[in-house]
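Below is one structure; the comments refer to it alone.
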Amino acid sequence: MFYSLLSNRSFLRLLFVVNVLGAIYGYIWYIPQLQITEPRYWLFVPDSPTAILFFVCVLGAFLVKKHWPLMEALAFTCLMKYGIWAVGMNIALMIEEKTFLLAGAMLMVSHALMAVEGFMYAPFYRFRIGHFLIAAVWILHNDVIDYLFGQMPIYMGMEQYLPVIGYATFWLSIFVLWIVYEKCIKKEHYTLEFPHSK
């Protein structure tokens, strides 16, 4: 029943539209940071909207009954990584500020849903070890850009904890890669096919 819903074309279309809107909003949210960022880093700054954009490509392929393995690997790893990261950062920010932040709570919900949707579609992905390794390089390279070159998303007041955040983020990346490997690369992982109905 659950996987029938995930493979339903009407549901896929709805998810496609929602994620397109989410990606657009995410890039708009990053405009202030991009305005003070050197152009050479622009590709690596808006992590969450780019993760959503990868998933939009995956959904678009699903809707035409195709697979885009590289996008699937990038979407799964990035949705999990940045979804979990943003939830953790917003919890930490509210603890630091000692107050409930409505905007932070909304970001937590939206980013948690990013991780959930990436995980839910894992049985449908068809990427291989090569695609997985490219995705691994992508997220680890982003960690280097964020914490060695100072391009981490701006969370006012959290800069003093940058070394701790960077360390935790590295291990989050490793944890996410382990999940992705278990769900999509490891032998005898659970797989599903999309029905051939229109």
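The values are calculated or read from the model by the stated rules, or taken from the named source; none is laboratory data. Only a predicted model underlies this, so the values are computations on that prediction, with no experimental measurement involved. Backbone-built Cβ (ideal geometry, glycine too); neighbour counts: all protein chains shown. Please note that ligands, DNA and RNA were not included when accessible areas were found on the heavy atoms of the full protein model with its side chains. Shrake-Rupley method; radii C 1.70, N 1.55, O 1.52, S 1.80 Å.
Things to note:
- Residues satisfying the stated conditions in the range 1-20, i.e. within 20 Å of residue 194 (Cβ to Cβ), aliphatic (A, V, I, L, M) and open to solvent by less than 90 Å² (accessible area, probe 1.4 Å): 5, 6, 12, 15, 17, 18
- Matching residues in the range 26-39 - criterion: being open to solvent by less than 90 Å² (accessible area, probe 1.4 Å) and among the aromatic types (Phe, Trp, Tyr): 27, 30
- Failed item in (1) open to solvent by 10 Å² or more (accessible area, probe 1.4 Å); (2) free of Cβ contacts under 8 Å to residues at least 40 places away in the same chain; (3) over 16 Å from residue 125 (Cβ atoms), with residue 23 passing the rest: (1)
- Search result, residues across the range 121-171 that are touching a residue at least 60 places away in the same chain (Cβ under 8 Å), under 15 Å from residue 92 (Cα atoms) and not hydroxyl-bearing (Ser, Thr, Tyr): 153, 154, 157, 158, 165, 168
- The condition of being farther than 19 Å from residue 184 by Cα, surrounded by fewer than 21 Cβ atoms within 10 Å (Cβ to Cβ), in contact with a Phe, Trp or Tyr (Cβ under 9 Å, 6 or more places away or on another chain) and not aliphatic (A, V, I, L, M) holds for only one of 141, 111, that being 141.
- Any hit, the range 67-81, residues being at pLDDT 95 or above, open to solvent by 30 Å² or more (accessible area, probe 1.4 Å) and part of a loop (DSSP other than H, G, I, E, B): yes
- Looking only at residues in the range 40-60 that are open to solvent by 10 Å² or more (accessible area, probe 1.4 Å), free of Cβ contacts under 8 Å to residues at least 40 places away in the same chain and not basic (Lys, Arg), the one that is nearest to residue 151 (Cα to Cα) is 42.
- Candidates in the range 171-186 are the residues that are aliphatic (A, V, I, L, M) and more than 14 Å from residue 131 (Cβ to Cβ); of these, the one that is least open to solvent (accessible area, probe 1.4 Å) is 176.
- Matching residues in the range 1-20 - criterion: being over 11 Å from residue 52 (Cα atoms), of a type in the set (A, V, I, L, M, F, W, C), part of a helix (DSSP H, G or I) and without any contact (Cβ under 8 Å) to a residue 12 or more places away in the chain: 2, 5, 11, 14, 17
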